[in-house]
Amino acid sequence: MIEENVKRLLGEVGENPFGEKVTLVAAVKTQTVEDINCAIAAGITDIGDNHVQEFRDKYDGIAGNPRRHFIGHLQLNKVKYLIGKTDLYQSVDRFELAEELSKRSERAGVTSRCLIQINIGNEESKGGFEYEEGLEACRKIAAMPALKVKGLMAMLPFTDDEDVLRPLAKKMRALFERLRDGHEGAEYLSMGMSGDWKLCVECGSNMVRLGTSIFGPRKYD
Ligand SMILES: *Cc1c(COP(=O)(O)O)cnc(C)c1O
């Protein structure tokens with residue numbers, strides 16, 4: 001099941017309309033090491049965790065050396081467990097987190113790559129910088145010593161209404177292009193989950209984070 005899903009999805013994600021290859025990140029929260037390794041064996045190259053405890057518990061059991069992403073809300077006191085083990089911090093949603101990441105990375109002698117999370121739907125339940133302050137936030141964070149800003153991350157509101165989702169996804173693409181114009185390292189616009197990834201890719205996302213469509217419904221979150 002997982003193997004078939006991965007193979008089908010890898011075939012489907014392809015490129016976005018801007019000719020950029022779309023990276024498929026498997027969102028592995030609540031999944032067992034066996035299932036994650038099955039997805040990797042089927043072709044998954046990038047995995048994303050959003051719980052530090054799970055990230056740590058499973059870390060050594062994961063085969064095949066995939067790129068590791070952290071995709072969830074990250075508490076400051078847990079940053080230390082991820083330093084040097086995370087290829088991309090996708091959800092840098094506040095300055096305090098960026099400062100802690102930079103400080104800890106500097107101390108460890110590593111550079112940490114991150115995406116700046118934008119609260120595109122202006123939702124209270126979601127983290128991230130406001131759209132209007134997004135570029136300024138990127139500039140400030142890119143100036144921190146041990147961080148590299150690689151792009152933007154967003155989660156669209158939970159709705160099926162494409163008339164709501166599409167304009168927001170397009171706004172994110174516009175912001176990403178403005179960031180990229182002034183900032184060479186910006187490569188990724190991470191936007192799209194199981195329910196909305198096709199729409200997101202159509203609007204210019206080049207990184208999607210899929211859990212349910214790879215592993216099936218989660219038993220708990
Ligand atoms: C769980 C999660 C996903 C994947 O969600 P699905 O709907 O299962 O594809 C993507 N991004 C983040 C930040 C997540 O926490």
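Since every read-out is calculated from the coordinates, none of them should be taken as a lab result. Note that the structure is predicted; figures quoted are calculated from it, not measured. Note that each Cβ is placed from the backbone with ideal geometry, even for glycine, and that neighbours are counted across all protein chains shown.
Numbers at a glance
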quantity	calculated
Per-residue ³J(HN,Hα) for the range 177-182, Karplus 6.51 cos²θ - 1.76 cosθ + 1.60, θ = phi - 60°, Hz, x for Gly and Pro	5, 5, 4, 5, 4, x
Given charges at beta-carbon only (K, R positive; D, E negative), |dipole| of the chain in Debye	720
Additional length obtainable on full extension of the chain from Lys85 to Phe18, 0.36 nm per residue less Cα span	21.0 nm
Beta bridges per DSSP with both ends in the chain, % antiparallel, nearest 5	5
Amide proton proximity set for Met207, modelled H, under 5 Å, gap of 5+	Thr23, Leu189, Met191
Inter-label distance, nm, simple model (7 Å from Cα along the C-beta direction), Met1/Glu133	4.3
Inter-label distance for Glu123 and Glu54, nm, one decimal - labels placed 7 Å from Cα along Cα-to-Cβ	1.8
Within the chain, helix-based [θ] at 222 nm, where runs of 4 or more DSSP H residues each add -39,500 (n - 2.57), nearest 500	-11000 deg cm²/dmol
Neighbourhood charge, 14 Å Cβ-Cβ cut-off, centred on Pro66 and excluding it, Lys, Arg +1 and Asp, Glu -1	0
Inter-label distance, nm, simple model (7 Å from Cα along the C-beta direction), Thr159/Lys140	2.9
Phi-based couplings in Hz for the range 165-175 (Karplus 6.51, -1.76, 1.60; Gly and Pro marked x)	6, 4, x, 5, 4, 5, 4, 5, 4, 4, 5
Alpha-carbon centroid distance for the pair the range 170-218 / the range 10-43, whole angstrom	13
